[in-house]
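The values are calculated or read from the model by the stated rules, or taken from the named source; none is laboratory data. Keep in mind that what you see is a predicted model, and the values were worked out from it rather than measured. So basically every Cβ, Gly included, is an ideal-geometry build from the backbone, and we count neighbours across all protein chains shown.
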Amino acid sequence: MNTNTAITRQHMDTAWLNYFRPADAMHAVISHIANLPSSKHEAHTMRVYKGGLSYFLAWAGHEQPTHDLLNHFIAHLKHEKPWGGDKLGISASSIASRYLAPLRIYLRSLAGQSINSRVDGTNLTVDDRHYITDIREQLRAAAAIPNPDPDETTNLSALEAHGTRLNLGELNALYALCDRGTLRGKRDLAMFYISFNSAMRAAEMTRITLSKIKRDGDVWLIHVRGKNNNMTPPALDQQGYDLLLEYIEAYNNLLAFDDPRRIGVDTPVWQQIQFNDKPFPVGYQGRDNQAGICTQSIRAICERYSGLLSSALNKHIDFTPHDMRRSYAKIMKDDGADIMDISMQLRHKSIATTQRYIGPKIDRVKGLLSARVTQSLPDAPAYHIPHAAG
């Protein structure tokens, strides 16, 4: 256990290990994750849950999990856990999703274990059975510990409270920064246009292949797996599809007909491009030329264009891949689009989720007293506001 915490090894109670089997509970957590609907495709949940639970086990050692121990663990995560170099403490939302979620599964599995003898095989006494019952209650109490309160609260919707939302003028300025005379510019323009207009998540964008884009009347539907295996296809207009084909044609024209790097119908469309504006050589640094770019690469592209856009518009703009989704929702909401249409494009399984996401339209002016009631004020003196130095 971390010696910086309030709990010390002098207080450690390991008697429970004579009856309960932590290793079996750990396997139960892994089995639970493997049986989730997205387990066939996503390794992210498994990696996060195993990492969070492993961190707790390393921190707690063989200490019996109790409600008090969990409280100390949450305090440690909020104030002492290192991350990002010399930074300490993580957010309440990360504590809930990355640590407490797998830990509750682990504790419930421990509490539900069938115990017919001690771990060493000796028979249980009446006192043993009473002790086991007491430990089960303590494990269930620990599993029921609530998530920590949010670090910040707001009455705004999730859309309004987080991230950056670009307006149409900023979107057009971003598109203009993509140099269509270069391969990279063609790719980035197609990527931004499709990402903003389809409201797809970054992970969904990485799964796009030409075979998954199919015509449906006046639009193209992108049939890629979404969050929680949602297969509802977002729509794409003809301009977005043409931009994608322009990029793919330019990419493939740099390669021989039989070159394995060519983007085929089943190849991920978004590919890494060298600084010399050409595809990477085959097998460069162990690179799989058919794999396509990852979500981190999309994030890096957004970071680069955030700087370019900030310079072009002379104001700070910092957008992430998910902000493309927020921007779509904001623009559509302000334009009066039907919530059903927004929900379909966002790939929400419930209209209620979309409603919480976009929230009601807020008129700040109407919320002011001066907008509702005529007020009479005495003449105010003239104030001189000095300019800030520099």
**Candidate set: segment 288-312, residues that are surrounded by 14 or more Cβ atoms within 10 Å (Cβ to Cβ) and aliphatic (A, V, I, L, M); chosen: the one farthest from GLY264 (Cα to Cα)** = ALA312
**Prompt:** Restricted to segment 317-373, and to residues that are of a type in the set (A, V, I, L, M) and crowded, with 20+ Cβ neighbours inside 10 Å, which residue is farthest from the chain's Cα centre (by Cα)?
**Reply:** ILE342
**Prompt:** Looking at VAL265, is it touching a residue at least 24 places away in the same chain (Cβ under 8 Å), more than 17 Å from ASP188 (Cβ to Cβ) and part of a loop (DSSP other than H, G, I, E, B)?
**Reply:** yes
**Asked** ARG262 is checked against (1) modelled with pLDDT of 90 or more; (2) surrounded by fewer than 16 Cβ atoms within 10 Å (Cβ to Cβ) and fails just one. What number does that condition carry?
**Response** (2)
**Asked** Being under 25 Å from TYR131 (Cα atoms), surrounded by fewer than 17 Cβ atoms within 10 Å (Cβ to Cβ) and of a type in the set (Lys, Arg), is that true of even one residue in segment 30-48?
**Response** no
**Asked** Mind checking which residues of segment 213-249 are under 29 Å from ASP179 (Cβ atoms) and either surrounded by fewer than 18 Cβ atoms within 10 Å (Cβ to Cβ) or among the acidic types (Asp, Glu) (or both)?
**Response** VAL219, ASP237, GLN238, GLN239, ASP242, LEU245, GLU246, GLU249
**Asked** Hey, any hits in segment 144-165 for a residue that's closer than 30 Å to ILE331 by Cα, over 21 Å from the mean Cα position of the chain (by Cα) and not assigned by TED's automatic domain parsing to the domain that holds PHE192?
**Response** yes
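Name the helices (runs of 4 or more DSSP H) wholly within segment 42-113 that hold at least 1 residues that are under 16 Å from the mean Cα position of the chain (by Cα)?
Counting at least 1 such residues, we get 44-60, 101-111.
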**Prompt:** LEU189 is checked against (1) exposed (fewer than 15 other Cβ atoms within 10 Å of the Cβ); (2) in a helix (DSSP H, G or I) and fails just one. What number does that condition carry?
**Reply:** (1)
**Prompt:** Filter segment 329-359 for residues that are in a helix (DSSP H, G or I) and among the basic types (Lys, Arg); which is nearest to LYS227 (Cα to Cα)?
**Reply:** ARG356
